């Protein structure tokens, strides 16, 4: 191990279950809190942002759409839902564009599926080279079939389809995956070996349990994980799996599919025991996240933030292997800047 690792070396060592010189750290945050932090540190971009916080931010490759008459990737009209007090908000679908259709023929007649021809990949290589020069790990590509499905038909209709209309559900899954897999493959190809990580991810959990049974998850998602994980690894990329909520029952399935990183580790929810999860799956998974951003980061004191950081490090980094500390999902706009800085500064102090 080098005495002073680069940000990329630290992140990739954690994913590869190799010792690190200090605890690796990453950042996820909504746009409003990111802008507040950039203003606080007087920086203009994510490289300056990461250096100001002295964190190992995994940098994301951006692939813009070409100027075509389409609202976004899935052609979904969005509306801004403000949060109380005007501190921020979220874009949510004004409607789910495929929710009203009952047959495959109706969808085929009324909807144009996205293709890779709609995107401009010309800057992928330059982005990768820039982040690589600056010493950061690089994330490119995103496949989340459950998220895409809920955006297109709504979460309730997705579950109805899975239960009552297998043909339509299979059609949706194949059409979404055909595009998403090709899109990610193109990004990895253009990155030419510089993309370290790609996201093959879903949201199978709620605040209490799994959203659907493991049998249903395997029925509809299993074969796509098999092919997409194999595709990602053929390019030398590690597989980052994001899965909110109380999802511990599905962790063996995630491991079995070949995922390398598990995020966001919402360990205050039912079923989680950090020490047990580390003991059972720490040789196969690098854990990412962990610091609670539903209660501790937005509403806790700095002392509570420090205690949260220590709990995560004690359970997940006691062996100095396989953990990247960060918030358990995007830091929200109402979060005090002092708590965010405390999280990272205390992680460096306690995680040496």
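The values are calculated or read from the model by the stated rules, or taken from the named source; none is laboratory data. Bear in mind the structure is a predicted one, so any value in this text is a computation, not a measurement. Glycine gets a Cβ as well: all are built from the backbone with ideal geometry, and neighbour counts include every protein chain shown.
A few notes on this one:
- Filtered residues of segment 191-208 (kept if part of a strand (DSSP E or B) and closer than 20 Å to residue 125 by Cβ): 197, 198, 199
- Residues of segment 1-17 satisfying the condition of being part of a helix (DSSP H, G or I) and at pLDDT below 95: none
- Within segment 225-240, one or more residues are assigned to a loop (DSSP other than H, G, I, E, B), at pLDDT 95 or above, buried (at least 20 other Cβ atoms within 10 Å of the Cβ) and under 16 Å from the mean Cα position of the chain (by Cα).
- Taking helices (runs of 4 or more DSSP H) as the structural unit, those lying wholly within segment 46-163 and holding at least 2 residues that are touching a residue at least 40 places away in the same chain (Cβ under 8 Å), farther than 30 Å from residue 325 by Cα and out of contact with any helix residue (DSSP H, G or I) (no Cβ under 6 Å at 6 or more places or on another chain) correspond to 145-153.
- Taking the criterion of being over 19 Å from the mean Cα position of the chain (by Cα) and in a loop (DSSP other than H, G, I, E, B), the residues of segment 209-224 that qualify are 209, 212, 213.
- Residue ID - farthest from residue 285 (Cα to Cα), chosen from residues in segment 18-45 that are outside any loop (DSSP other than H, G, I, E, B) and touching a strand residue (DSSP E or B) at 6+ places or on another chain (Cβ under 6 Å): 33
- Some residue of segment 308-329 being farther than 26 Å from residue 197 by Cα, surrounded by 23 or more Cβ atoms within 10 Å (Cβ to Cβ) and without any contact (Cβ under 8 Å) to a residue 60 or more places away in the chain: yes
- Scan of segment 241-268 for residues that are within 27 Å of residue 189 (Cα to Cα) and either in contact with a strand residue (DSSP E or B) (Cβ under 6 Å, 6 or more places away or on another chain) or surrounded by 15 or more Cβ atoms within 10 Å (Cβ to Cβ) (or both), ordered by number: 241, 242, 243, 254, 255, 257, 258, 259, 260, 261, 262, 263
- Number of positions in segment 216-254 that are in contact with a helix residue (DSSP H, G or I) (Cβ under 7 Å, 6 or more places away or on another chain) and over 17 Å from residue 143 (Cα atoms): 6
- Within segment 205-224, residues that are at positive phi and at pLDDT below 95 reach no partner that is surrounded by fewer than 16 Cβ atoms within 10 Å (Cβ to Cβ) and outside any helix (DSSP H, G or I) with beta carbons closer than 7 Å at six or more positions or on different chains.
- Evaluated against (1) more than 22 Å from residue 256 (Cβ to Cβ); (2) part of a helix (DSSP H, G or I); (3) without any contact (Cβ under 8 Å) to a residue 60 or more places away in the chain; (4) out of contact with any helix residue (DSSP H, G or I) (no Cβ under 8 Å at 6 or more places or on another chain), residue 188 falls short on exactly one condition, (4).
- Subset tally (residues that are at pLDDT below 95 and surrounded by fewer than 16 Cβ atoms within 10 Å (Cβ to Cβ)) for segment 331-352: 1
- Residue count for segment 10-35 under the criterion of being within 22 Å of the chain's Cα centre (by Cα) and closer than 24 Å to residue 342 by Cα: the result is 16.
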